[in-house]
Each structure stands twice: as structure tokens, then as C-alpha cells.
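Working notes, structure below.
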Amino acid sequence: MRKVPLLPLITGGLLVLLLVVYMVRFQVRFNEVAVRVRLGQADEHSRKDEPGVYFKIPLVDAVHVYDRRLRVLDTPEIEIKTRDQKNVILGLYALWRVADPLQYSIRLQTDRTAEQQLRSRLNDVRAAVIGRYDMSAFVGLDAEAVNATYDEIETALRDIAAADIRRDYGIELVSVGIRRISLPEQVTQAVFESQKAERQTIAARYRGEGASQAQAIRSRAKSAADQIRQFAVTKAEMIASAGFESSARILAQIRPEDRDFFIWLRAMDALRIALKEKSTIFFDSAAQISRLMSQPPADGKPPRADAEMLPAGSNEGGR
């Protein structure tokens, strides 16, 4: 009898053992969930949510492993009619994950089938929700209002679709968002004209408000100017009156024959004070002080001066 080498037997036995171990075990990672289906049947005990190593019966058990992390689904852009029968092109995205692996395995089995069903459900819901709004809600001039409309649409899309998708497919629809929104070429010009008319209306309103405010400002300014002018005139009259009273009071203290001479002296004093500094002074040719300088008295006596030449507020006597 021929002796069989021991090393090949050991190697072959190890390979068979590894193959058996591979066939009777499966691993679930921390980001996965598994469903073990036995003879085509599965129940709640078939779910494997915790990470680790599990065993199965070859040719009897089938194991489906699914990634339970968030996934992104894009929907194609399609034309949808708004409430006012205008077409708008809208594309969506959705965030989803496997919430019930047992239901997911029974109804869908593969991720590709899940994405197809999700797109179909979202397309149906998208048409229903967009049909509630007019075109102006998507292309209005008020950016805050448009953004609020987008948020409202996204919330409605998720709320309407999430419950049925969770019940039918075991999928949690985390959020739905508007990926892109655009207008068909035949609608673009009409929307442009509508926006232009809306902007012209707003501009006209602002111009009207501006004209009204400008008129109010002019009225207030005119009223304030009139008050200031009236106050200045009144103040000037008071100062002039006080000056005339002071002049009359001073002249009353001087003998009548000395009054002209006193007024002339006061005029000269005023002129001397004004000419102390290097300065240029302009006099009205009709003023009394100009006549005093250009037409000196021929008889050696000062000419008769007007009382208005006396500086206001002076209380000096004659010299």
C-alpha cells in the first residue's frame, strides 16, 4: 500500500474547513443591517441589527445585507403645471435610508428597485404639490417670500410621501429638497414681462412715496425758514428800537446847540476805531459819514448830522 503524504492532507482539510466556515457564517458591519431568509420565509427574528458574526445554514438560508446610512436620490427634471396652468421644470433630491430591513427585503430586495419606487412616488407627489401654487410663487421679486414658498413645498413633499413609503417599503424619507427649478423657453418671455410690469408698479409706488415725502420736507423747511425769518425781523426791530431810544436819550442830555457837534465827534470816533486795523471799508455814498469825509464844512463847523449816525446803545455825553 502506497503511503499518502501528510502535508497535502492537512492542507486540503484546512481548505475544506475554511470553505465550510465561510458558507455557514456571515458578518454584519456597524453601518449595515441584515435579513436572514430561511426557505423563502422571514420574520422579526430574521433581522440582524447589531454588528457581529452570525451563522446560517447553507442552501437553506439566504442573507440580504443592506447599508443603513443616509443615501441621496436625484429625480429627473420634468415639466409640471402650476395652479395657473403655467409650466415649470422642477428637479428634486431626497435623503433616505433603510428603516425596516424586513419590509425592505420583502417588497424591494435590491437598492436599484428601491430607487425606482422612490422616484415614482416622488414624481406623483411632486405634481400634486406644485399644482397648489401659481407661477408667481416661484419667480416673484420678493426673495424672502420665494424662499419661504420653497421651504413650504419641500416640507409638504416629505410629509405627504414619507408615511406611505415607510409603510410600503420600510424606507425612512428623511428630507426632500428642490435641486433645480427653471422655466421652459415659451414661458420665460411671459414671466419676464410680468416681472417687468411688477417692477414698474413698485417703482411707481416708490416714486409716489418719495414725491410725497419730498413735499412734506419742503413744507416743513419753508415753515421753519419763515419762523426763523420772522424771528430775525422781530429781533432786528427790537435792536433798532433800542438803539433809537438810546440815541434819543443821549441826545436829550446834550444842549441843542451842541448836538450836531456831538454826533460828528461820535462818527469820527467810530471811524477811528474801525481804521485801527488794516482793513478796507466801503461806505454808501449817500450815508452821512461819507458826506462828512468828502464834503468838509467850509465854515469850520461840522455839518448838521443825522441822529442815525449815533452808535446805538452809547451812553456817553458831549465833549
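I'd like to know if the stretch 299-319 contains one or more residues that are modelled with pLDDT of 70 or more, in a loop (DSSP other than H, G, I, E, B) and aliphatic (A, V, I, L, M). Checking the stretch 299-319: not a single residue is modelled with pLDDT of 70 or more, in a loop (DSSP other than H, G, I, E, B) and aliphatic (A, V, I, L, M).
Name the residues in the stretch 51-77 that are loosely packed, with under 14 Cβ neighbours inside 10 Å, in a strand (DSSP E or B) and without any contact (Cβ under 8 Å) to a residue 60 or more places away in the chain, would you? Once the filter is applied, which keeps residues that are loosely packed, with under 14 Cβ neighbours inside 10 Å, in a strand (DSSP E or B) and without any contact (Cβ under 8 Å) to a residue 60 or more places away in the chain, the stretch 51-77 yields 52, 53, 55, 67, 72. Of the residues 93, 133, the single one that is of a type outside the set (A, V, I, L, M, F, W, C), in contact with an Asp or Glu (Cβ under 6 Å, 6 or more places away or on another chain) and surrounded by 15 or more Cβ atoms within 10 Å (Cβ to Cβ) is 93. Residue count for the stretch 136-187 under the criterion of being part of a strand (DSSP E or B), under 26 Å from the mean Cα position of the chain (by Cα) and crowded, with 19+ Cβ neighbours inside 10 Å: the result is 1.
Table: residues versus (1) modelled with pLDDT of 80 or more; (2) out of contact with any strand residue (DSSP E or B) (no Cβ under 9 Å at 6 or more places or on another chain); (3) assigned to a loop (DSSP other than H, G, I, E, B).
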residue	(1), (2), (3)
224	yes, yes, no
233	yes, yes, no
239	yes, yes, no
246	yes, yes, no
262	no, yes, no
297	no, yes, yes
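When the stretch 121-144 is filtered for residues that are hydrophobic (A, V, I, L, M, F, W, C) and closer than 21 Å to residue 87 by Cβ, the ones remaining, listed by number, are 122, 125, 127, 128, 129, 130, 135, 137, 138, 139, 141.
Residues in the stretch 102-125 that are without any contact (Cβ under 8 Å) to a residue 60 or more places away in the chain and touching a His at 6+ places or on another chain (Cβ under 7 Å): 109 only. Out of the residues in the stretch 96-120 that are among the charged types (D, E, K, R) and closer than 12 Å to residue 171 by Cα, which is surrounded by the fewest Cβ atoms within 10 Å (Cβ to Cβ)? Among those residues, the one meeting the criterion is 111. Just wondering, is there one or more residues in the stretch 87-107 that are part of a helix (DSSP H, G or I), of a type in the set (Asp, Glu) and at pLDDT below 90? No, the stretch 87-107 has no match at all.
The values are calculated or read from the model by the stated rules, or taken from the named source; none is laboratory data. From a predicted model like this one, the values you see are computed outputs, not experimental measurements. No Cβ is skipped: glycine too gets one built from the backbone with ideal geometry, and neighbour counts run over all protein chains shown.
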